[in-house]
Amino acid sequence: MGSLVEAVLRLPDPYERWQARLADEFFSGRENQPVVMFVDRSVLQELADPGEDGPRALAAAVRQFVDVKAGRQMFARAEAAESAWRRGARDQPPPTLPILALSVLAASEMSRDGVIASNNYYIPLSKAMLPDGTGAEVSALRDVLRDRGAFTSVAEMWGQLHRWLTESDGKFGVSTIREHPDLTRIGYPLSQTLVRRSDRAALTRFFDRLNMLGEGVPGPESLLSMLRVWTSYRSQGLSERFIASLSEPAVEDYMRTLVHQLAVSWDGKIITAEGLRRLDLRLVIDLDRNSTWWVIPAVQDVAEDVLSGTCDGQAFNALLAVDPYSSLYCVEGLPPVATSALVAGLVARGTSSVAEFQPSKVVVLADNADAGGWMSVDALQPYEEHVFLVAQEAVDEVERVLTSAADGGWRRVSQPIVDQHFRGYAIYFGITFSDQAALESALIKLSVNVVASLRTGANVRPRLVNGLPILRNVARNIYLSGGEPDLALPVGAEPRKTAVTIDGVTDTVLASIFPLPISRIDNWENGPHVVQADGEELKFVVARSGGDDRLPAGIGSIGWENGELGSGLPKASVCGAIVADTDAERPVLARRGASESWLIFANGQLAEFSEPASPIGFEHISFPLFEIDHPKATWLAQKRRGRWMITRIRFHEPNFRALSPSDRSLWSELAQTVASADPIWNMYMRAWKTFNAR
Amino acid sequence: MRVDLMLAWMSETVSGEVRDLRQRIAWLARNADLNPHSSETGRWLRDVSALAHAEIDWVNGRWAVAPAVAVLLPSCGGTAVLAGGRRLDLVERLESQLSVQTMPCDQDRSVLPTPTSVIVQADSIVELERGLADCGVRYVGKAAEHIAHRLPPLRLGSRAAPPAWGTVVERLETGGGDGLGFVKVRLDSRVGLWRLTVQGRPSYLYRTGSEWFHADHATGILWALSENNIPVFRWRHERTDGAEEVGTVFLDQGAPLPPLQARALVLCSGQPTAFGDLAKTAIYRNVPKTVAEQVARSVRQRLEIIN
């Protein structure tokens, strides 16, 4: 009896081979990563042996284990095998993967045209199981699966797979299998068709743009919202099915959860569907020398590679290596820039990376010091100067935008010069946009292809930018009072209004490449503030100072020595207004506005003194004092409102002699009215008294 | 434009990259509905350097705020002006110790105003020095004279290779009626200052006979003026204070000054360079004749005294 059971439960060889292939493809090395068992014809073909027809071979293998003529009980053997597996160690996936894979293949066939309903699932499933069956056979199988409820067993198998993944606590991956509120049974396989391998690869670029490693993972709702903005004008390498699902109410919840799961488990690498690191090929134009070339911005996890590709029918190999002094790779062997690459794009593929230039009718370029010219960029930046490379068919539209919305000063490069490298294109330079209303107004009239290049912002998630941040070594979100940051909102190809809440006060704003200047909205008090937009919460702190009473390191770190400016000089000759080895002058000061002023000399003689003219060229500044620096005078006596005041100019003992009558008269007056505790003045008083007594 | 906020931020941040600083200046200006051209943020930085608030290392793209000091203005009755870093609460703290007057930048002189000139006074220098020290500000005396005394003579940079054949070049023309100007010409054998564009940025070479030398913008122009015996430095006497003759310096034809020379003149008044009609004449107020002479001599000019 035991051997009979074993014989029944033993998986047929072809079935077991597919079980192993699928287990290896989807459940091996996937610890804590969302597992999506996406299967379509191409995936099955990749999994098949060379020369084998993948979908047919899988169907044949399944039919060895599933008796399609056994009516409602057709999956009995598979159910028994799964039951036996349940009682075992369960350290491998349940033995139902080939059946489940066929159910996904059917769902992928069904959803290719975007129409999803249970009544058009069972024909693709029957065809998947009987790829060479007659119409009658397929129809009969459809009836059994759908009307007689045989498919319920498959739905149960999906449930079992989900439970196993969950109970394994992420060891084999995180389940993305979901029930569907309306399409209960077929919802399971359907859930596995929405995100294919290429979608997962393309999403890594989106995750990178979100700067999740630095700023954390956004919530599920805002993540989906930002993804819709990111894909609003370009598929970004995502499948049509995926993009359609983002806005499909029936699967929205599922997509929200799944994208979030993928974001949480992202390892920080941008990959292609083949698992290669994605690099950007960027176009550089030197307008001064009328030259153009390709560059590749460096990424952390690719140090070198040999990239190969074809341009204008010519194969090329380019050596990529890190340049420690530049943000760009050192690349040798890339082809010259050709118009064909602008029209169709250019791809250079290596062993660990792939560099790509995406074609566009309007290429926006910005000045880049490392590139040594104008380098193509993803998005237009307000207030920054740009160069546009524009395909002939978009020239009229772009010129209209420039005329009505760009700051003055833009020019078109002479066409014969442009034609040397970019036949069929125009180049404009000196382009700056600083009028938000004018740009928005101009963009309304443009075609999607052109508008996408001009409206789309650099951000895919709300972000605090600009402002005057302080204490950056402590936190990234502390701003000097009055220098609060701007809020940059994600901007897609379509105009978009969104609610922005700051400290509980909500307003609706138009998302634009022009960020929202928070510092202009209010006088923000010192302390924390909260901004909410697109489902994200951003916090910033306002402070009047860094609060550190120590003299910050770095003050005066640049100075002059021998007429040359340098950093870290131990004792600069000049730094700001400090000049080394000089003494600060300390002139004697006297108050202006006296009715009489006299200089007193050590010999007791006096000379009338006129106050110097007030400084000129200082509007609204009063100068109540003047410097008194006579080379011989020792005191200044000033009469103010009938009273005499004295100011000592220098220390010098008195040595009275030969005073004139007017000197004597003045001394008499001073002796009677000046009240001073200054011992030197008292010496002068004694000297006067002695002299006067002679 | 809350320009003092920018200086406060620089004082908090202490040092950084010139490119980042220029972006933040432009941002602050835009928040005041100004839309400065990039040359204006450069001009602002040169003013801030001349006012001794910060040192700007254009070659290495770095800036650093200078120590907070008070500079005695020449023949101004013990009046000092603040230079160097200035945090947001500094003026408030000084007001509790000293007489403080402020002189906002003349908004008409340029699109981007420079930081407010803060003037401090006390009944004596001792009192002034003590009040400043309590607020962390060092009194340095007549910095304009100290700097003028240390000015290095103008000199060209290191030897340079001649421009490559076919390079687009401009040559400084000094003889035109409209003052100095660069004119696009074909490279020839004439001596003088030549301007090239290297990686999108201007680069200057000075040719003396068969040799070429690197030069910065100001040095190159002043050297050319000197070689052609073109005087541009004038001083007009305005008042005498004791032994000091004080007046106004006029620098003609839009001739630029190297940073330390500009600082020596600007720190005589604590006010940024003013400009005359059509910005062809730079004007520096309250300059002692001795300072004017030292600055003129350092740039190979003879000071012309005018009435």
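The values are calculated or read from the model by the stated rules, or taken from the named source; none is laboratory data. What you see is a predicted model; the values in this text were computed from it and never measured. Cβ placement follows ideal geometry from the backbone for every residue including glycine, while neighbour counts extend to all protein chains displayed. Just the protein is used for accessible areas: all its heavy atoms, side chains included, with ligands, DNA and RNA removed. Shrake-Rupley method; radii C 1.70, N 1.55, O 1.52, S 1.80 Å.
Worth pointing out:
- For B:PHE275 and A:LYS171, the FRET efficiency from 1/(1 + (r/R0)^6), where r spans their Cβ atoms and R0 equals 56 Å, is about 0.15.
- For region B:226-304, diffusion coefficient by Stokes-Einstein and Kirkwood Rh (Cα), 4 °C, 1.567 mPa s, µm²/s: 104 µm²/s
- Simple label model, 7 Å out from Cα along Cβ direction - A:ALA84 to A:VAL306, nm: 5.1 nm
- Within the accessible area of region B:1-118 (1.4 Å probe), percent carbon and sulfur: 44 percent
- Spatially proximal lysines relative to B:LYS184 (Cα-Cα < 28 Å; intrachain offsets below 8 disregarded): B:LYS280
- Potential lengthening between A:TYR325 and A:GLU494 on full extension [0.36 nm per residue; Cα-Cα distance subtracted]: 56.9 nm
- Projected-area average for region A:557-694 over all orientations - Cα convex hull basis, square nanometres: 12.6 nm²
- Taken over region A:194-346, the convex hull of the Cα atoms encloses 146 Å³ per residue.
- Relative contact order (%) - criterion: Cα under 8 Å, at least six apart; region: region A:467-599: 18 percent
- Residue-by-residue Karplus 3J(HN,Hα) for region A:151-168, coefficients 6.51, -1.76, 1.60, Hz, glycine and proline x: 5, 3, 5, 5, 4, 5, 4, 4, x, 5, 4, 4, 4, 4, 4, 5, 5, 6
- Estimated from the Cβ-Cβ distance and a Förster radius of 30 angstrom, the FRET efficiency linking A:ALA379 and A:ALA315 is about 0.35.
- Projected-area average for chain B over all orientations - Cα convex hull basis, square nanometres: 16.6 nm²
- For region B:263-268, Karplus couplings with θ = phi - 60° (6.51, -1.76, 1.60), whole Hz, Gly/Pro x: 5, 4, 6, 5, 6, 6
- Restricting region A:24-107 to trypsin sites (Lys or Arg not before Pro) in coil, as DSSP defines it, with at most 11 other Cβ within 10 Å: A:LYS69, A:ARG87
- Summarising the label geometry, the points placed 7 Å from Cα in the beta-carbon direction at B:ARG19 and A:GLU52 lie 5.4 nm from one another.
- Accessible area per residue was computed with a 1.4 Å probe on protein heavy atoms; A:ILE123 scores about 50 Å².
- With every protein chain in place and a 1.4 angstrom probe, the accessible-area ranking of A:LYS571, A:LYS632, A:LYS361, largest first, reads A:LYS632, A:LYS571, A:LYS361.
- Relative contact order of region B:229-307, defined on C-alpha pairs under 8 angstrom at six or more residues apart (%): 39 percent
- The candidates B:HIS37, A:HIS620, B:HIS237, arranged from most to least accessible area with a 1.4 Å probe in the full protein assembly, appear as A:HIS620, B:HIS37, B:HIS237.
- Largest-first ellipsoid semi-axes for region B:121-216, taking √(5λ) over the Cα gyration tensor eigenvalues, angstrom: 46, 15, 14
- Comparing the full protein assembly with the isolated chain (1.4 Å probe, heavy atoms, ligands and nucleic acids excluded), the residues of region B:70-108 losing at least 30 square angstrom of accessible area are B:CYS76, B:GLY77, B:ARG87, B:LEU88, B:GLN101, B:MET103.
- Residues in region B:245-268 reached by a label modelled at B:GLU304 [backbone nitrogen below 17 Å; 7 Å Cα→Cβ]: B:248-256
- Per residue, the average separation of C-alpha pairs within less than 8 Å and at least 6 apart gives chain A a relative contact order of 7 percent.
- Once exposed loop chymotrypsin sites (Phe, Trp or Tyr not before Pro) are cut out (DSSP; at most 10 other Cβ, 10 Å), longest piece of chain A: A:326-650
- Computed over Cα pairs, the Kirkwood radius of region B:182-233 leads via Stokes-Einstein (1.002 mPa s, 20 °C) to a diffusion coefficient of 183 µm² per second.
- Relative frequency of Cα-Cα separations exceeding 11 Å in region A:365-404, percent: 69 percent
- Extreme residue, positive dipole direction of the protein assembly as shown, given options A:VAL377, A:THR272, B:GLY42 (C-beta unit charges): B:GLY42
- Heavy-atom SASA rank of A:ASP367, B:ASP241 (probe 1.4 Å, accessible area, largest first): A:ASP367, B:ASP241
- For chain A, lysine pairs with C-alpha atoms less than 28 angstrom apart, excluding pairs fewer than eight positions apart on the same chain, total 9.
- Comparing the full protein assembly with the isolated chain (1.4 Å probe, heavy atoms, ligands and nucleic acids excluded), the residues of region B:11-32 losing at least 40 square angstrom of accessible area are B:GLU12, B:VAL14, B:ARG24, B:TRP27, B:ARG30, B:ASN31.
- Spacing of the modelled spin labels on B:THR167 and B:ASP123, each 7 Å from Cα toward Cβ, amounts to 6.5 nm.
- For the protein assembly as shown: Kirkwood Rh in Å [reciprocal of mean 1/r, alpha carbons]: 34.9 Å
- Pairwise FRET efficiency - A:SER441 versus A:GLU31, Cβ, R0 = 60 Å, nearest 0.05: 0.70
- Computed log₁₀ I(q)/I(0) - Debye formula, equal Cα scatterers, no solvent, region A:282-328, q 0.17 Å⁻¹: -0.66
- Inter-part distance, region B:9-57 to region A:192-251, computed on C-alpha centroids, equals 39 Å.
- Averaged over the residues of A:585-595, the number of partner chain Cβ atoms lying within 10 Å of the residue Cβ comes to 4.
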